[in-house]
Amino acid sequence: MRTFLSFSMLLLAVSGSAQTTAASNSDSATFDPDGTAHIIRVVPMPSTVGPEAQQWLKEIEQESPQSKDLADIRAGTDAWRKKDSAEALRLYPVKVEEKNIAGVRTDIITPLDMPATNKNRVLINLHGGGFISDSGSLIEGIPIASLAKIKVVSVYYRLAPENPFPAAVDDVVAVYKELLKSYQPRSIGIFGTSAGAILTGEVVVKFKQLGLPLPAALGMFSTLADFSRPSDSQQLFSLNGFTANLAPQTSDRPHDENYVGKTDPKDPVLSPLFADLHGFPPSLLVTSTRDLLLSNTSIFHRALLDAKCEAHLVVFEALPHAFWYHFQLPETKEALQIMANFFDEKLGK
């Protein structure tokens, strides 16, 4: 029987003897016959991250429950995206212009100081947002464009539940085909976070099915390649890591079910873990130890290695899902630079 973990967390910043006492009095675990674990455990504030990260972890540990109303989710997403995109532009000045490519709305993000040697290189960014909202296309695209000094095309693919799988895949395929008219595949990279990272893997499987030339490199940052079953980390964490609002996954409902729709969760495009991964482009996978998709990212990394693909996994300490959206963290600067360096190294000129 599949093992699931029911996890009750106390996130405490304690030190010295108080920490030892709290741990000895509060740590406990019981187990059901099927292996399900019921755990209470004191998790001290980690000393392995800097003060900025520690302060942020304190602020997010009591997150408010997320509304289940789609309109509210989208409105909330748009509000923080607008605010954080403005901050991204302040920190990483670039030129942004909207453009329709193959019938799909995109943002073209151009570095202000792009060298002539990069004019034939381009990155495609696929935003996060659980496939139901547009969160972070500029938040991801602006820093990478600025740091890598490479033009980024951020794609506003169609959203679920109005447009479930494979609508988003089809939109990205259309944009990619159009870009192939102007760029060599060896000079194209694709990246995204969360839903965008998942979509990155999916579209490459689709490219292979269609016989399209594959891009030079992929960035899949906090990803998932199997919609058929929840992972261990999805049982442990919320979007913000250890918080009061844990909503464990269940085995009979797929992750992002609005996106999956009526498709078989083991469809090889939807869930690339069930596809032939041989020949996948060099890939960078980034996650963190409190990311709800930590396990999923690791599983996909191992699958790529098993298929003899070049794949690099970077795991950050103690931070939650998509922490690199938060520009106040030194760890964000480090993560973004790793991403930018990877594409600068892998894309042809």
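What the table below lists for this structure:
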| read-out | value |
| --- | --- |
| Counting DSSP beta bridges with both ends in segment 70-346, the antiparallel % (nearest 5) | 35 percent |
| Local net charge near Leu294, Cβ-Cβ under 12 Å (Lys/Arg +1, Asp/Glu -1) | -2 |
| Three-way shape label, segment 119-171, alpha-carbon gyration tensor, a/c 1.5 | oblate |
| ³J(HN,Hα) computed for each position of segment 143-153 - Karplus, 6.51 cos²θ - 1.76 cosθ + 1.60, integer Hz, glycine/proline x | x, 5, 4, 5, 6, 7, 6, 10, 4, 10, 10 |
| Residues whose placed amide H lies under 5 Å from that of Lys95, excluding near-sequence neighbours | Thr110, Leu112 |
| Nonlocal amide H pairs with Leu293, under 5 Å, H built at 1.01 Å | none |
| Built amide H within the under 5 Å cut-off of Gly128, gap 5+ | Ser135, Ser137, Thr193, Gly196 |
| Chain lengthening between Ile40 and Leu91 when straightened (0.36 nm per residue, less Cα-Cα) | 14.3 nm |
| Order by protection proxy (mean Cβ within 10 Å, highest first), peptides 151-161, 280-290 | 280-290, 151-161 |
| Neighbour-count order for Ser271, Ser182, Ser194, Ser133, fewest beta carbons within 10 angstrom listed first | Ser182, Ser133, Ser271, Ser194 |
| Exposure proxy ranking, count of Cβ atoms within 10 Å, fewest first, for Asp226, Asp171, Asp72 | Asp72, Asp226, Asp171 |
| Order of Arg41, Arg81 - criterion: other Cβ atoms within 10 Å of each residue's Cβ, fewest first | Arg41, Arg81 |
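Computed from the coordinates by the stated procedures, all read-outs in this text should not be read as laboratory data. None of the values given here were measured: they were computed from a predicted structure. Glycine also receives a Cβ, built like all others from the backbone with ideal geometry; neighbour counts cover every protein chain displayed.
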